[in-house]
Amino acid sequence: MTKAAALHKFFSSFGLTAYTTASVPEDAVFPYLTYELATSAWEAGEVSITVNLWYHTESEKVPNDKAEELSRNIGLGGKILSCDGGYIWLKRGSPWCQSLRDEADNAIKRRYINVTAEYFTEN
């Protein structure tokens, strides 16, 4: 499985449709998740991956709960994803999660989440 496919599989595992930030369709339906597809290779160090949770709701609890679910899944020691030629080590970034509001619609709740990835692959 390619690095991109491994990341997509992981981010799609939370019960939300996951899109790379560059591939969100015009007709995307809330709720959904977006993530930056940033890849690297062995000895390049950590790479930042921004994840956004998008909800259309009056509730702060629903998006906060999903951010907490993502945090628990990555865990204190991180999460290892297998991929072609090695693995990806995902870790919680800092700050973990920020609550943002949409200027166009107060019911759009966004959670801006920082994840770091370290690629233990040759390419």
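A short reminder: the numbers here are calculations on the coordinates, not readings from a lab. Keep in mind it's a predicted model, so treat the numbers as computed, not measured. Note that each Cβ is placed from the backbone with ideal geometry, even for glycine, and that neighbours are counted across all protein chains shown.
Overview of results
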quantity: Within straight-line cross-link reach of residue 66, lysines at Cα separation under 23 Å, skipping those fewer than 8 residues along the same chain; calculated: 9, 79, 91, 109
quantity: Zone of residue 28's modelled label, taken as backbone nitrogen in the range 38-56 under 20 Å from a point 7 Å along Cα→Cβ; calculated: 38-39, 48-56
quantity: Stokes-Einstein D for the range 26-122, Kirkwood Rh over Cα pairs, 4 °C, 1.567 mPa s (µm²/s); calculated: 90 µm²/s
quantity: Low-density loop cleavage sites - chymotrypsin sites (Phe, Trp or Tyr not before Pro) in the range 21-99, where at most 15 other Cβ are within 10 Å (DSSP); calculated: 42
quantity: Added length on full extension, which subtracts the Cα-Cα distance from 0.36 nm per residue, residue 96 to residue 21; calculated: 25.1 nm
quantity: Charge dipole magnitude, Cβ of K and R +1, D and E -1 - the chain, Cα centre, debye nearest 20; calculated: 360 debye
quantity: Qualifying GluC sites (Glu not before Pro) in the range 35-91, DSSP loop, other Cβ atoms within 10 Å at most 13; calculated: 43, 58, 60
quantity: Rounded tilt (10° steps) of 61-74 against the dominant C-alpha axis of the chain; calculated: 10 degrees
quantity: Contact order normalised by residue count of the range 3-121, Cα under 8 Å, 6+ apart, percent; calculated: 28 percent
